[in-house]
Amino acid sequence: MTMGEALGITDRGSGKKINETHFDSSQPLDKLLVNKRFRMSFMSFADSCLAGESVHFYEEVYDLKKIPVDDSIRRIYMATHIIEKYIDAGAEMEINISHRTRQEILGRPDLTHPNLFDSAVGEILQLIKMNLTKDYWSSLHFAKLKEEIERGPNGTELMPLDYSPRVSFVRSTDDPFYEEHAVNCN
């Protein structure tokens with residue numbers, strides 16, 4: 001259970017809806033990350049690259065922003081959790097941000113401030129764009145997300161494609177290994 005869930009934040013990613021039938025690499029990353037399916041896929045990719053803490057941090061701050069500004073108790077709990085997990089030196093999932101930004105966050109007395117982590121989020125998004133985004137679009141994680149989207153909302157495929165274990169988008173009749181694959185599956 002995440003801290004956001006413990007604090008009653010259950011609508012992760014249901015804010016602004018973006019087109020789920022197509023994720024365009026030219027869209028701003030922060031707009032794409034609003035979509036829960038995209039964010040989970042991207043987070044899985046980042047975890048596989050040993051850089052998941054950045055996307056996990058982004059998601060926790062995203063959850064913090066859903067807590068009303070006048071709900072100071074939950075905001076303080078969430079902000080404290082984020083600081084202890086991502087900002088403190090030597091934290092469990094310490095993120096790579098500038099010393100200046102880290103000190104601004106640690107030195108701010110008002111943990112309920114709505115822009116407490118904005119500078120850190122900006123730096124993290126820059127790092128993600130430079131180090132992960134380009135590789136994500138050609139990754140198996142993105143291919144799997146596209147495949148899930150093509151299947152549609154009820155899980156049925158929109159196109160009668162035969163997906164072999166080698167990530168082939170070839171129709172079974174055109175696939176020279178189709179018979180071999182069919183025999184191995186039985």
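Which residue is modelled with the highest pLDDT, if the candidates are limited to the stretch 82-125 and must be of a type in the set (Ser, Thr, Tyr) and closer than 26 Å to Met1 by Cβ?
Of the stretch 82-125, the ones of a type in the set (Ser, Thr, Tyr) are 86, 98, 101, 112, 119.
Okay, now just the ones that are also closer than 26 Å to Met1 by Cβ, so 86, 112.
Values: Tyr86: 98, Thr112: 95.
Out of the qualifying residues, it is Tyr86.
Of the helices (runs of 4 or more DSSP H) that lie entirely inside the stretch 1-81, those containing 1 or more residues that are more than 14 Å from the chain's Cα centre (by Cα) and modelled with pLDDT under 90 span 3-6.
The values are calculated or read from the model by the stated rules, or taken from the named source; none is laboratory data. Keep in mind that what you see is a predicted model, and the values were worked out from it rather than measured. Don't worry about glycine lacking a Cβ; one is built from the backbone with ideal geometry, like all the others, and counts go over all protein chains shown.
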